[in-house]
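Read the structure below first, then the notes.
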Amino acid sequence: MVCGVGYDRGDPGPWDLRVVVTNLAVLDFGTAERTMRLRSVHPGVEVGDVVAATGFPLVIPDEVPVTRPPTATELDLIRTRLDPGGARERELRGTP
């Protein structure tokens, strides 16, 4: 099953996918082969949690940092412009 375009499927057009943010981690395509790499895990999440929830192999660096928390400005943007209806609170546990 393919649920997204990914890095190697078709013309990226105006959407040049570089980073994927999930409720567990941040992923990117920062490898020479452009395969998906675990960039950071969110606070309280272990690398094994991400691997168990992912249906394909990930490149896992030797050291995986913890994702920094959003700034007050970023939280305001999320709450007032990107998701004013609060969908993230209904769909993702532990969201700011």
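One table, with the values for the structure above:
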quantity	calculated
Surface per residue (accessible, 1.4 Å probe) for segment 25-96, Å²	71
Ranking by accessible area, most exposed first, for Phe56, Phe29 with a 1.4 Å probe	Phe56, Phe29
Accessible-area composition of segment 15-96, carbon plus sulfur, in percent [1.4 Å probe]	56
Radius 14 Å from Cβ of Leu58, net charge of other residues (Lys, Arg +1; Asp, Glu -1)	-2
Relative contact order for segment 26-67, counting Cα pairs under 8 Å that sit 6 or more residues apart, in percent	42
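The values are calculated or read from the model by the stated rules, or taken from the named source; none is laboratory data. Everything quoted here is computed from the prediction, not taken from an experiment. All Cβ positions, even for glycine, are placed from backbone atoms using ideal geometry, and neighbour counts span all protein chains on display. Please note that ligands, DNA and RNA were not included when accessible areas were found on the heavy atoms of the full protein model with its side chains. Shrake-Rupley method; radii C 1.70, N 1.55, O 1.52, S 1.80 Å.
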